[in-house]
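Engineer: This is the structure I have questions about; it appears just below.
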Amino acid sequence: MLQSVEAHLGSRQVARVIYGSIIGLALVVALEAHPPSAGAVLATLWATALAVGLAELYSDVVGTETRTRRRIARTELVHSFDQAGAVAFGIAFQGVFFVLAALGAIELDSAFTVAKWSGLALIAAYGFGGARLAGASVIASLVQAFAVGAIGGVLIAVKALLH
């Protein structure tokens, strides 16, 4: 398990998961203002994950072909699918809590709360892990985690102020 985590943290997927997590967090925060059913939130998150993942795939393929002036190779296409999947995962991650709400295991309000704060925690954890792997001290890593976590925190704070 530890090797899988280390391999993931050493991959380009990290950036894509963070990107997707920020999109998912923004979506959850926006939907919370006038919450639909848990199933509707889940469907919205998953549809958004699919749409953004496909947009990521398309833009990567077209970008590669225009940059290299040739058709994309199979190995590059596999890499593009991998990156698109990471973005989609980052968006869909928060859907787990809405599955629980749809099953009646938690309340819808709780699903929104846990989804928001777990998305923020994921973004901050990646910031901390990235800094530590780059050789930063624990204090410097905590500062970086706080800084990147502030992205999600600002989103949550703006929503709270506007509603």
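The values are calculated or read from the model by the stated rules, or taken from the named source; none is laboratory data. Here the structure is a predicted model, which is why all the values come from computation and not from measurement. Methodologically, a virtual Cβ is constructed for each residue, glycine included, from the backbone with ideal geometry; neighbour enumeration extends over all protein chains shown.
Engineer: Out of the stretch 20-58, which residues are at pLDDT below 95, part of a helix (DSSP H, G or I) and loosely packed, with under 15 Cβ neighbours inside 10 Å?
Structural biologist: Answer for the stretch 20-58, where residues must be at pLDDT below 95, part of a helix (DSSP H, G or I) and loosely packed, with under 15 Cβ neighbours inside 10 Å: just Ala30.
Engineer: Search the stretch 70-103 for residues being assigned to a loop (DSSP other than H, G, I, E, B) and basic (Lys, Arg), and hand back the single one that is farthest from Val114 (Cα to Cα).
Structural biologist: By that ranking, first place goes to Arg70.
Engineer: Answer yes or no: is there a residue in the stretch 58-67 that is touching a Gly at 6+ places or on another chain (Cβ under 8 Å), in contact (Cβ under 8 Å) with a residue 24 or more places away in the chain and within 27 Å of Gly130 (Cα to Cα).
Structural biologist: no
Engineer: Inside the stretch 126-142, can you point out the residues that are loosely packed, with under 15 Cβ neighbours inside 10 Å and free of Cβ contacts under 8 Å to residues at least 24 places away in the same chain?
Structural biologist: Passing the criteria: Ala134, Gly135, Ser137, Val138, Ile139, Ala140.
Engineer: Give me the pairs, please: first residue somewhere in the stretch 15-31 and in contact (Cβ under 8 Å) with a residue 24 or more places away in the chain, second residue anywhere and of a type in the set (D, E, K, R) and in a helix (DSSP H, G or I), beta-carbon distance under 7 Å, and either six or more positions apart or on two chains.
Structural biologist: Leu25/Lys116; Val28/Lys116; Val29/Lys116; Val29/Lys159
Engineer: Residue pairs, Cβ under 6 Å, 6 or more apart or interchain, first in the stretch 92-105 and over 12 Å from Ala40 (Cβ atoms), second of a type in the set (Val, Ile, Thr). List them.
Structural biologist: As it stands, the answer is Gln94/Val28; Phe97/Val114; Leu100/Ile106, since those pairs meet every condition given.
Engineer: Just to be sure before I move on: is Ser59 more than 16 Å from the chain's Cα centre (by Cα), within 20 Å of Val14 (Cβ to Cβ) and hydroxyl-bearing (Ser, Thr, Tyr) in the structure I sent?
Structural biologist: Considered against the rule, which asks whether it is more than 16 Å from the chain's Cα centre (by Cα), within 20 Å of Val14 (Cβ to Cβ) and hydroxyl-bearing (Ser, Thr, Tyr), Ser59 comes out as yes.
Engineer: Just name the residue that is farthest from the chain's Cα centre (by Cα) out of those in the stretch 122-163 that are among the hydrophobic types (A, V, I, L, M, F, W, C) and not in a helix (DSSP H, G or I).
Structural biologist: Selected residue: Ala136.
Engineer: Right, next: Only one of (1) within 16 Å of the chain's Cα centre (by Cα); (2) crowded, with 17+ Cβ neighbours inside 10 Å; (3) touching a residue at least 40 places away in the same chain (Cβ under 8 Å) fails for Ala111. Which number is that?
Structural biologist: Condition (1) is where Ala111 drops out.
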